[in-house]
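Accompanying notes for the structure given below.
The values are calculated or read from the model by the stated rules, or taken from the named source; none is laboratory data. Bear in mind that the values here come from a model prediction, so they are computed numbers and not experimental data. Heads up, the Cβs are rebuilt from the backbone with ideal geometry, glycines too, and the neighbour counts pull from every protein chain shown.
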There are 2 protein chains.
Amino acid sequence: MHKNFKNIDKVVFGRGSFAMLDEIIAPIRKENNKYFVFVVDNYFKGKDFVSRIPLKPEDVILFEDVDTHEPTTEQIDNLRDKILSEKGLPSGVIGIGGGSIMDIAKAVSLMLTNEGSSTLYQGLNLIKKPGVYHLGIPTISGTGAECSSTAVLTGPIKKLGLKCEWTVFNQVILDPELIASVSDEWWFNTGMDTYIHCIESENGTLNNTFSHAYAEQALSLCRDVFLNERSGRSAENDDKLMVASLMGGLSLSYSEVGVCHALSYGLSKILDYRHCYANCVAFQHLDDIYTKGVKEFKQMIEKHKIQLPKNLSEDWSDETITKMAEVAYKLPHMCHQAFGENWKNTVNLEYIKALYKRL
Amino acid sequence: MHKNFKNIDKVVFGRGSFAMLDEIIAPIRKENNKYFVFVVDNYFKGKDFVSRIPLKPEDVILFEDVDTHEPTTEQIDNLRDKILSEKGLPSGVIGIGGGSIMDIAKAVSLMLTNEGSSTLYQGLNLIKKPGVYHLGIPTISGTGAECSSTAVLTGPIKKLGLKCEWTVFNQVILDPELIASVSDEWWFNTGMDTYIHCIESENGTLNNTFSHAYAEQALSLCRDVFLNERSGRSAENDDKLMVASLMGGLSLSYSEVGVCHALSYGLSKILDYRHCYANCVAFQHLDDIYTKGVKEFKQMIEKHKIQLPKNLSEDWSDETITKMAEVAYKLPHMCHQAFGENWKNTVNLEYIKALYKRL
């Protein structure tokens with residue numbers, strides 16, 4: 001009837017709150033084999049930041065490369081097998097990084113207690129048992145993965161999330177100091193993920209008062225960060241971007257993403273485009289569907305001198321475009337959100353292929 | 001360092017979502033003695049609404065009168081003793097009503113598993129064990145009690161909450177249809193509780209980006225409900241008020257209430273004023289402290305033709321005023337929020353007495 005959505009159990013927000021990590025996980029260290037797995041963005045390998053991670057001798061730290069592709073089912077299965085075979089079930093999994101690392105931490109936590117390949121569980125409520133304790137620490141803000149009930153994975157057949165209430169983090173630490181070091185490009189692209197999914201949330205049939213209140217405030221914060229007079233990189237705007245990401249994610253508790261995300265999933269699945277970048281590449285061409293949003297997005301592009309590629313489809317074969325369109329068409333919840341219950345009257349494979357040909 | 005705040009575990013928002021109650025609690029009915037306690041505002045006794053409550057033969061329904069006074073420690077202790085002696089530990093407690101009923105349900109849930117009088121636990125983190133499962137269904141919106149970690153109780157010595165992470169509801173059902181029947185007077189006073197605590201949250205030293213984002217959006221929703229062109233009683237505004245109450249409450253996860261709430265606690269403790277009404281009575285006189293907020297509040301008062309009493313203090317003895325001031329002075333967190341760390345330079349008993357004399 002209405003979604004009964006699961007919140008993150010506990011949230012800390014504040015500059016320097018990363019220092020609270022050790023204290024926060026101390027009571028959990030008695031579970032299972034009493035060690036923690038830290039899944040950390042490979043970007044931090046060898047950087048000073050690693051010395052601030054409160055590792056105990058029994059803990060495991062895994063640096064994951066998320067630059068070249070989105071998290072895959074194979075990657076999750078391998079991580080799970082490695083962890084279980086080497087040290088058994090851990091007390092918990094801690095993800096430190098951007099949206100991909102958040103998704104990896106959530107997925108590994110679930111797959112540690114659910115047998116077989118993660119491909120078996122891509123979809124809604126297919127997971128059978130709660131995972132181990134999992135904690136997320138975003139170092140890039142915008143995807144909303146810190147609060148979502150989905151761990152998006154690319155499998156051999158589909159790009160689709162492990163989605164259930166157990167996916168949601170037990171704890172999130174939101175320390176805006178951690179996002180200060182992100183490159184301008186990723187700061188922009190990832191921030192735009194929030195902006196774009198709020199626009200999709202607001203312009204869809206599933207939007208309600210709850211979603212709207214969250215999306216409206218997240219959009220207002222995005223404007224402060226990327227468009228208004230005091231926009232740009234600053235401590236104040238890092239605070240705002242972190243809250244925008246959370247609120248944008250919470251807006252999707254009731255509403256849904258739409259056409260842009262559907263196209264984006266095809267770009268990621270078939271051409272290995274990173275999610276946030278793929279959104280930006282697609283969104284610029286959707287001004288007939290999201291008129292005001294795309295207009296404002298282009299102002300932000302211009303303000304921050306972002307170069308997005310155009311005429312990409314000239315180099316794509318019809319086969320590639322068809323494959324991407326097939327990925328997008330297999331996401332009916334996004335089409336439903338954008339075009340209503342009778343979305344099949346508007347959307348078919350040719351319609352989606354035509355959208356890809358705009359790119 | 002920073003608050004690590006506990007969220008409501010699960011939230012449903014939507015018109016008609018009350019009908020999901022039976023399904024939601026079904027999995028919990030295996031706990032303890034397999035029955036539920038429903039604590040319901042006495043206002044509903046004999047009304048058709050009661051037939052919609054999914055009672056099983058083993059369940060207990062308790063109608064509580066919250067018109068004449070705020071919830072007391074004695075009331076909670078008596079309820080707890082009655083429940084335990086008659087049927088033993090229940091599967092859970094469900095509160096259906098306004099802020100007072102929310103507080104009663106939260107407090108009873110905790111006191112069912114914590115020995116001795118609830119007066120022992122008035123304060124921060126004094127509760128020793130988690131309570132039983134508890135679920136809140138607001139039928140009046142504005143206090144934010146549906147998401148707060150406090151169950152405010154008036155005891156023989158103090159008006160102070162049982163405050164800890166276990167106080168927070170396991171589940172909240174936010175069905176805007178349920179608040180349609182509230183009297184205009186309570187609709188206004190209770191809605192103003194959100195407005196006033198957001199103004200206090202915004203104008204205090206503890207306000208941060210997280211609090212601000214929530215308070216700003218809650219205030220915007222309050223303006224839609226009580227001030228703007230489409231303000232007044234409507235289904236659309238019931239939806240908005242319900243979200244405003246939630247977001248106003250979440251704003252206080254980091255920030256705090258201030259001078260108005262301190263005065264209000266004195267009025268409730270000594271003169272049995274209801275909380276939301278007491279806030280309104282006090283707030284109108286605080287234009288030097290909350291200038292813009294009080295100005296806008298007076299516009300809302302005028303728009304909805306609300307009559308608030310004035311010159312009350314003419315009938316109060318110095319003893320009464322002193323007693324109220326002593327209650328307010330024992331709430332240092334509110335004074336800290338309003339005037340900063342060195343609040344004692346500004347605030348003493350005489351200062352607070354002078355504020356009461358304005359009323």
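Points to keep in mind about this one:
- Looking across region B:80-100, the residues that are assigned to a strand (DSSP E or B) and more than 17 Å from the chain's Cα centre (by Cα) come down to B:Gly92, B:Val93.
- Failed criterion for A:Arg274 (all others in (1) under 28 Å from A:Asn311 (Cα atoms); (2) within 11 Å of chain B (Cβ to nearest Cβ) hold): (2)
- Taken over region B:4-19, the criterion of being of a type in the set (D, E, K, R) and within 7 Å of chain A (Cβ to nearest Cβ) is satisfied by B:Lys6, B:Asp9, B:Lys10.
- Which listed residue, of A:Ser117, A:Ser91, A:Ser100, is of a type in the set (S, T, N, Q) and buried (at least 24 other Cβ atoms within 10 Å of the Cβ): A:Ser100
- Against the criterion of being surrounded by fewer than 24 Cβ atoms within 10 Å (Cβ to Cβ), part of a helix (DSSP H, G or I) and either under 18 Å from the mean Cα position of the chain (by Cα) or more than 14 Å from chain B (Cβ to nearest Cβ) (or both), A:Asp224 does not qualify.
- Screening A:Lys240 with (1) surrounded by 21 or more Cβ atoms within 10 Å (Cβ to Cβ); (2) basic (Lys, Arg); (3) out of contact with any Asp or Glu (no Cβ under 7 Å at 6 or more places or on another chain) gives one miss only, at (3).
- Test result for B:Ser234, surrounded by fewer than 18 Cβ atoms within 10 Å (Cβ to Cβ), more than 15 Å from B:Gly99 (Cα to Cα) and within 14 Å of chain A (Cβ to nearest Cβ): yes
- The number of residues in region A:19-55 being in contact with a helix residue (DSSP H, G or I) (Cβ under 8 Å, 6 or more places away or on another chain) and among the acidic types (Asp, Glu) comes to 1.
Per-residue answers, yes or no, for (1) within 14 Å of chain B (Cβ to nearest Cβ); (2) over 16 Å from A:Thr72 (Cα atoms):
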{"site": "A:Tyr121", "(1), (2)": "no, no"}
{"site": "A:Leu124", "(1), (2)": "no, yes"}
{"site": "A:His134", "(1), (2)": "no, yes"}
{"site": "A:Ile140", "(1), (2)": "no, yes"}
{"site": "A:Thr143", "(1), (2)": "no, yes"}
{"site": "A:Lys159", "(1), (2)": "no, no"}
{"site": "A:Leu162", "(1), (2)": "no, no"}
{"site": "A:Val168", "(1), (2)": "yes, yes"}
{"site": "A:Ala180", "(1), (2)": "no, yes"}
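- Residue identified as assigned to a helix (DSSP H, G or I) and of a type in the set (D, E, K, R) among B:Lys344, B:Lys310: B:Lys344
- Selection status of B:Leu178, within 23 Å of B:Tyr277 (Cα to Cα), in contact with a helix residue (DSSP H, G or I) (Cβ under 9 Å, 6 or more places away or on another chain), at pLDDT below 95 and aliphatic (A, V, I, L, M): no
- Of all residues making up region B:27-65, the number that are in contact (Cβ under 8 Å) with a residue 60 or more places away in the chain and assigned to a loop (DSSP other than H, G, I, E, B): 2
- For region A:142-175, a tally of residues being surrounded by 22 or more Cβ atoms within 10 Å (Cβ to Cβ) and part of a loop (DSSP other than H, G, I, E, B) returns 11.
- Filtering A:Asp22, A:Asp77 for residues that are in a helix (DSSP H, G or I) and more than 14 Å from chain B (Cβ to nearest Cβ) leaves a single hit, A:Asp77.
- B:Lys305, sole failed condition from (1) surrounded by fewer than 17 Cβ atoms within 10 Å (Cβ to Cβ); (2) within 27 Å of A:Glu216 (Cα to Cα); (3) of a type outside the set (Ser, Thr, Tyr): (2)
- Here A:His212 clears all of (1) more than 28 Å from A:Lys10 (Cβ to Cβ); (2) within 14 Å of another protein chain (Cβ to nearest Cβ) except the condition numbered (1).
- Across region A:308-342, the qualifying residues are those that are surrounded by 13 or more Cβ atoms within 10 Å (Cβ to Cβ) and among the charged types (D, E, K, R), and the one among them that is farthest from A:Ser255 (Cα to Cα) is A:Lys323.
One line per residue, one yes/no per condition, for (1) among the basic types (Lys, Arg); (2) under 23 Å from the mean Cα position of the chain (by Cα); (3) surrounded by fewer than 19 Cβ atoms within 10 Å (Cβ to Cβ):
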position	(1), (2), (3)
A:Met1	no, no, yes
A:Lys6	yes, yes, no
A:Lys45	yes, yes, yes
A:Phe49	no, yes, yes
A:Glu58	no, no, yes
A:Glu64	no, yes, no
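- Subset of region A:249-263 that is away from every other protein chain (no Cβ under 13 Å) and part of a loop (DSSP other than H, G, I, E, B) - its residue that is surrounded by the fewest Cβ atoms within 10 Å (Cβ to Cβ): A:Glu256
- Restricting B:Met192, B:Met242 to residues that are within 13 Å of another protein chain (Cβ to nearest Cβ), part of a helix (DSSP H, G or I), modelled with pLDDT of 95 or more and within 17 Å of the chain's Cα centre (by Cα) narrows the list to B:Met242.
- The set of residues from region B:195-209 being away from chain A (no Cβ under 14 Å) and either closer than 17 Å to B:Tyr265 by Cα or crowded, with 24+ Cβ neighbours inside 10 Å (or both) comprises B:Tyr195, B:Ile196, B:His197, B:Ile199, B:Glu200, B:Ser201.
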